[in-house]
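FYI, it's all coordinate maths here, none of it is from the lab. For clarity, every value in this text was computed on a predicted model and none was experimentally measured. Neighbour counts run over all protein chains shown; Cβ positions are idealised from the backbone, glycine included.
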Amino acid sequence: MILAVAMQKGGVGKTTTAVNLAVAMALQIGEASRVLVADMDPQAHATLALGLDKRGDHPAVGDVLMGRTPTAEAIRETPFGVDLLPASLELAVDEQKLSADHLGAAFRLREALNTVRQRYAHVVIDCPPSLGILTICSLTAADRYLIPLEPLVYGADGLTEILATAERVRRYTNPDLKAAGIVINRWDRRNQLGHQVVEGVRTSLGGQVPIFHAYVVDTVSLAEAPGAGVPAAFYRSRNRSHRQALESYGLLAREILGEEMRQ
Ligand SMILES: Nc1ncnc2c1ncn2[C@@H]1O[C@H](COP(=O)(O)OP(=O)(O)O)[C@@H](O)[C@H]1O
Ligand SMILES: [Mg+2]
């Protein structure tokens with residue numbers, strides 16, 4: 001499955017979800033280098049969270065999208081069971097070039113991934129916080145998209161726009177795109193407001209996009225691990241909520257992969 005983690009708002013947990021879900025999938029498969037993380041954000045947060053440098057002279061996803069490097073040459077192994085198609089700061093420049101290229105720009109990632117698709121059981125794409133060409137490329141390459149959502153006031157803001165964008169992608173570039181679901185991130189069950197926001201979203205979507213059973217708690221280890229350049233599963237913490245978060249990513253991976261098997 002190719003899964004895009006998308007939402008135009010920044011700071012909602014796209015990168016945290018993409019990295020930790022990909023690692024959870026790899027742990028469940030139990031074999032290294034069968035899951036690929038594709039970093040489509042010029043900020044390169046997924047790249048950093050997997051311990052790689054965004055300034056290195058190694059080719060990155062922008063080189064692949066612009067046809068300067070074959071996909072396989074840009075992919076790196078990580079010590080965490082997942083491979084990485086890294087982003088670098090130059091992706092911001094390449095994004096502008098892609099935006100100006102009206103013919104087929106949306107298909108660049110899809111074509112790039114096609115050349116390595118056989119190697120991987122799953123590809124998880126970390127989208128940038130915008131609905132620009134890099135998100136369009138990601139949704140065009142994906143079978144499914146997943147939306148992280150924080151159960152706060154205004155937490156559901158932007159949901160209409162991402163759903164409308166997915167609908168446009170379905171219409172013009174990827175008729176097979178489907179919603180995987182919404183992941184509730186930074187969950188605190190004692191917070192009454194959170195329950196109201198989740199129920200509000202459930203009602204307004206009317207089953208059109210499911211909400212995963214796995215809610216990811218707010219836990220300091222998820223915020224600290226990227227600074228250490230490791231996914232949460234490889235970060236040492238004795239915090240009880242750390243273990244809870246890891247269990248949630250495991251459950252989320254099973255929900256997504258189980259859903260795929262039922263198709
Ligand atoms: N469940 C969580 N608990 C604690 N911190 C979190 C959680 N999810 C995300 N964060 C932190 O919040 C910030 C934004 O998350 P991030 O995944 O980078 O969002 P996005 O990719 O959507 O911009 C990061 O510093 C991240 O470490
Ligand atoms: Mg991010």
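Relative to a virtual label point 7 Å from the Cα of residue 119 in the Cα→beta-carbon direction, which members of region 67-98 show backbone nitrogen distances below 17 Å? Residues passing the 17 Å test: 67-87. Between 77, 111, 31, the residue with the greatest mean-square fluctuation in the GNM of the chain (Cα pairs under 10 Å linked by springs) is 31. Show me the trypsin sites (Lys or Arg not before Pro) within region 219-263 that DSSP assigns to loop and that have at most 12 other Cβ atoms within 10 Å of their Cβ. Answer in residue order: 236, 238. Estimated at 0.36 nm per residue, the fully extended path between residue 53 and residue 152 surpasses their Cα-Cα distance by 32.4 nm. With a Förster radius of 25 Å, plug the Cβ-Cβ distance of residue 251 and residue 163 into 1/(1 + (r/R0)^6) and report the FRET value to the nearest 0.05. With R0 = 25 Å, the Cβ-Cβ based efficiency is 0.55.
Summing +1 for each Lys or Arg and -1 for each Asp or Glu among the other residues whose beta-carbon sits under 13 angstrom from that of residue 230 gives 0. Shape class for the chain: oblate, because the ratio a/c of the largest to smallest gyration tensor axis (alpha-carbon atoms, square roots of eigenvalues) is 1.5 or more and b/c is at least a/b. Relative contact order of the chain: 25 percent, from C-alpha pairs under 8 Å at least 6 residues apart in sequence. Taking Cβ atoms as reference points and 13 Å as the exclusive limit, the residues near residue 45 contribute a net charge of -2, counting Lys and Arg as +1 and Asp and Glu as -1.
The 3J(HN,Hα) values that the Karplus relation (6.51, -1.76, 1.60; θ = phi - 60°) gives for region 203-215 are, in residue order, 5, 5, 8, x, x, 4, 10, x, 9, 5, 5, 6, 9 Hz. Gly and Pro appear as x. Listed by chain and number, the lysines placed with their C-alpha closer than 26 angstrom to that of residue 178 are 9, 14; residues fewer than eight positions away on the same chain are left out. Please give the residues of region 82-109, grouped as numeric ranges, whose backbone N is less than 20 Å from a label point set 7 Å along the Cα-to-Cβ vector of residue 66. Only 85-109 fall inside the zone, counting backbone N under 20 Å.
The calculated FRET efficiency for the pair residue 244 and residue 171, based on their C-beta separation and a Förster distance of 45 Å, comes to about 0.70.
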